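Novice: Take a look at this one; I'll ask things after.
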Amino acid sequence: MADSPLNDLNYGRPGLTTYNLDDREWHASRDTTRQTLQKASEWQLAIPAALGSLPTHSSTNATATRKETRRLAHDYPQLVPAAKILPELSAISEGVTLAAATYDPHIGDLLSFGTVFLKKSFRPKQIAALPAGPSGSILRLVPLGQQRYGWEGDRSVRLEGPFYSVVDSGYWNEEGASIQQVVFGQAETSNSLLAVRLPSKTVFFRPSYDRGRRAADPTPYYDLPPSLLSAHPILAITPDQTGGAPHADVAFNPDYQFHVGVVDQRGAWSLWQMERRAKRDEYSISRIVGGHIYSAEEEVTDLEDGWARILWTGDSNTLVLCNRRQLSVVNVIGDTFEYLQAPPLIPQRSSDWILDVKKHTQNRLFVLTSTRIFLISVTTSNGALDSISGQAGATILLSRRHYRGDEDLTLQMHPQVFEEETAMFVTSRLNKLVQVYFFQDHSSNRIESFLTTDPVDLGFSLPNAAHMVQMHLRRLEYSVKDQTPHKRRNASAHSYYERAIPFHQLTVLTADLGVHQIVLLSSKHESDPERLAWRKIVTQRLPDARDEVDEVDDFIEPNGPDWEMEPESKLKSQVPRRVSIENATYPSADHAWLYESLFPSEQTDSTSIEDVIQRLEDVMSRETPIFQANAMDSIDALDVPDVDEASTRFQQLVASQSTSMLRPIAAQEVLRLPGNEQSSITNLYDIILEDWIAPLPAQTPVPVRQAKERLARRVAAEVTLASMQLQPKKEERASASSGGPASLPILPSRPVDTFPSALPTPPQSSVPPSSPLFPEALQPSTADPLSRLRKHLTIDDDSFRTPTLLPPSVSELLSHWQPGTDPSAYDWEATERAIRPDADDEESQKLFEEERKKKERRERRQRREDERLRAKTQASSQSVFPQPAFPRSLPGPTLGGMATSSQVPAPTSSQMPSQAHVHGGNFGPFGGFGGTHGMIPQSQVEPGKFGGRPEKKKRKGKSRVSGF
């Protein structure tokens, strides 16, 4: 051991004393002069706390707990049913929360600093990474700006230091668990890599600084605001890749950040190398070597609480690994390694633990145990080749007791460079005592040259009740501004500047994830320094100022842009609302579907196929035939318990002889049902099973196969029934068409114009050119429904496929829409101009107006001629023949195939039978002149061309066709 009993008496003892005979004075080896840190400013809140109020002690007062429970039940009525068990659960929850907040061995460093470069720029920007969010599960990236400090009455001498620009923070979140460690790699010319250790894995990032704000990666737990900083996760290492145990610590190689080391809670460590494809921005990681903290010869003792640390020291091939009881030094050679010499810090029979390990310089580190502080020097294998350096391994340079309590497991140390010395802060979560040790090294070759002072109290505490968990010390730089001579100068400020008095900024991370800052000065320079009076944030033009309008000059936003946006939880808390009892409406949700899924009932809306077949038998046995009714009418779903029985009964029903019969709605080749023969339920069922159920994978669960088989039954039955329809027999249809007084007339087989006609031929203008030869009501109905449907639909059949000609109006309407275009981009005016390019032409408008006027004149002239002819016909008929005794229709009934005039309304079918029944009389062998039915009244009493009227005189010259 490096220390001796005489030098180990730290408190109240002068150490080794000697008497100088020359000056007759005693000289002690211990330096009794104490250096303290003096406040030069007040505490400044840099980042607000992310966590709520942390518990300071566990409540044991049952009365207070019950009162708190009643208060909560009053504010949140939904807690009333659980009011009896809440006090006990509250005590347990407070104990667990307090233990986790006070002592968690898996929590490492939570504040780290790195560097990012703006794309296509060589200007580095320093950022800080730390957890955020109500549970510490959000990664926050904060860019560091500049702020200035000054003394009262003088702005010519200033101090400049870092400032946390919270408004430009970037965020990342993936899990709801708290972040356990945040550490940056070190790089000089590229972005620093970042490692974030979670309970389930370790995630690696390559943060980037963008020119414009970008949305954060979506997360199921929080709504993250956009930012200029992007976390950009690239890789992750899971416990399955490192041995199965959760990770305890992660570290970067300080010389090459693409080398990373991981140690888990069982003491297994491994080295990994990351590789990057620059063009694709893709990353991959591979394992190099791994081992255990204990060597093969050493006995593995109890791993205690799973605490472990890994770090590089000396060079890129030397690792220091430790857990609570063992410290090991490993030399890595390619994919192999060897253990170097390491002193036993914890005696075998001692109950001490290693509490913390921090790197001091390139080849030195501090180790904090339950009772002592060690300064250890590590000699690498390459350095051992020099005979002066000694054997490769670790050597204790300094050891001293700290007297902070053997049972305090929350002790931590924070070594920081302070002027020419090293200031090490020792903190605890059990109390607010912060001790400062100063170490000074004059030579690396002599142990006696290491000087250490007695610990001093920091002398000031934080304004809040949270404990300090991490500390960083950084020296501030002076800046001078030219000032006119007549302005008042601060003598102290200029004195500090002229003497180059160093001021340091202390940054403290608290347990509630808040960041505080203060400016300190050593007492050896000034015992009572003048306090800084003002502070100003330097608003610089950010790299994206030319593209973003948010970052502007000082005269618009003196303290930066107003982007006060914080992550918001997507899980909204239940806040009760007070409502009136009379008007209270309680929200409800319908979970009937869930009940039916858990407890399926036998009552369903489906109809059994036996009932459908029985109903068809009853309908077919009636004396009155059914005209073309589909078998699936008014049926929503079918239940088929037995496919074979249902198919047999249905085939018997099809083959039965009744007044009605079941026939397919179309031919088999038109329906295109599977199978060449007439389809049946069993045939279609077998085809579905063969084509759809049998090819299912072998891993398909049995319930899924059963459900698909039941669906196949239903599909086969419904398709078979839907392809059939009820039709009357041929003889029934013939008798139905000829029986009854109100039946339609039987049309002759010969054309109508072969029968003699005694009626005058109506003028051509009175018969529309599109009128059919036979009235629509008198056309015979066809038994094939497809022939009727082809009048209105296009049947997909090659034998009946005819080209479809669309009217010009329809074609013009369809030309306004092109399939595949965006409906929101449709413009009627633009489309109309494209269809009619000459619509806006003045000459075209004039021609269109002339055509419209000509059409109106033709219509008026046609109406006058029709009225004149009708009046002349009526006058000649009244003068020759007397008024008949029976009512007559004007101008007279039409023939069997002649349509009525468009100007004269035809008698309705409800009037015609009554007139024929009253007046009766059949004329001619077909019941009237020209083969018309006897029920239609006649307006012509004599056969002939003019029916008793005088012959019309013909005009001389070429007559014009009427209507044109």
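The values are calculated or read from the model by the stated rules, or taken from the named source; none is laboratory data. Please read these numbers as outputs of a predicted model, since none were measured by experiment. In this analysis, Cβ positions are derived from the backbone assuming ideal geometry, glycine residues included, and neighbour counts consider all displayed protein chains. Ligands, DNA and RNA are stripped out before the accessible areas are found, and what is left, the full protein with its side chains, is counted by its heavy atoms. Shrake-Rupley method; radii C 1.70, N 1.55, O 1.52, S 1.80 Å.
Novice: Sorting Ser680, Ser200 by accessible area (1.4 Å probe), largest first, what list results?
Specialist: The ranking, largest first, comes out as Ser200, Ser680.
Novice: Can you send over the solvent-accessible area of Asp335, 1.4 Å probe, protein chains only, in Å² to the nearest 10?
Specialist: 110
Novice: Heavy atoms of the protein only, probe of 1.4 Å, neighbouring chains included. What is the accessible area of Tyr283 in Å², nearest 10?
Specialist: Solvent-accessible area, nearest 10 Å²: 30 Å².
Novice: Considering only protein heavy atoms, with the full assembly of protein chains and a 1.4 angstrom probe, order Val417, Val643 by accessible area, largest first.
Specialist: Correct descending sequence by accessible area is Val417, Val643.
Novice: Assign one of three labels to region 108-150, namely rounded, prolate or oblate, based on the Cα gyration tensor with a ≥ b ≥ c the square roots of its eigenvalues; rounded applies when a/c is under 1.5, prolate when it is not and a/b is larger than b/c, and oblate otherwise.
Specialist: Oblate, because a/c is 1.5 or more while a/b does not exceed b/c.
Novice: Cα atoms only, region 453-538: Rg and Dmax in Å?
Specialist: 16.0, 49
Novice: Let me ask something else. Label points 7 Å out from Cα along the Cβ direction at Arg861 and Ala722: separation in nm?
Specialist: Using points 7 Å along Cα→Cβ, the separation is 5.9 nm.
Novice: Now for a separate question. Translational diffusion coefficient of region 56-165 at 25 °C, 0.890 mPa s, Stokes-Einstein with Kirkwood Rh over Cα pairs, in µm²/s as a whole number.
Specialist: In µm²/s, the coefficient is 128.
Novice: Across all directions of projection, what mean area in square nanometres is found for the Cα convex hull of region 274-373?
Specialist: Convex hull of Cα atoms, orientation-averaged projection: 8.3 nm².
Novice: Could you put Lys359, Lys84 in order of accessible surface area, largest first, with the 1.4 Å probe and the full protein assembly present?
Specialist: From most exposed to least exposed: Lys84, Lys359.
Novice: How much accessible area does Glu282 have with a 1.4 Å probe, in Å² rounded to the nearest 10?
Specialist: Here the accessible area works out near 90 Å².
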